[in-house]
1. How many of the residues making up the stretch 76-95 are touching a strand residue (DSSP E or B) at 6+ places or on another chain (Cβ under 6 Å) and without any contact (Cβ under 8 Å) to a residue 12 or more places away in the chain?
2. Starting from residues that are part of a loop (DSSP other than H, G, I, E, B) and surrounded by 10 or more Cβ atoms within 10 Å (Cβ to Cβ), keep the ones in the stretch 47-75 and report whichever is modelled with the highest pLDDT.
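The values are calculated or read from the model by the stated rules, or taken from the named source; none is laboratory data. Note that the structure is a prediction, hence the values are computed from the model and not measured. Using ideal geometry, Cβ is built from the backbone for each residue, glycine included, and neighbour counts are taken over all protein chains shown.
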Amino acid sequence: MTLKDKRIEWKSRYDAWKESGQTIAEWCRDQEIKVHQMYYWVRRFDNDRISAEPEPTQWLTVQVDDEITSSEGQESIFIHYGVISVEVRPGANVSLLSDIIHVLHNQC
């Protein structure tokens, strides 16, 4: 039996268990299936479902004034994205910053 065949068979069992309303232990006892095998496949299918349904990205609209303001007295800001931190200093190139954020978003 190929891995694809096993996956189809266990997916059918997983769906039947979900529809039964029973606990895994009860369902496995009735079906004469080893509980530890069922738990393995339940975790796989639950993880597949989670990774297949990512949360949609939400963007916030920001109004940026075109006025050039003096950067004297302003401090750097830090943008943290996962394990990556980007320091943005006053007068930074906004276009470059936009490109960096776009790359980080697609890579992480």
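1. Total satisfying the criteria: 4.
2. For the stretch 47-75, the residue satisfying everything is Gln74.
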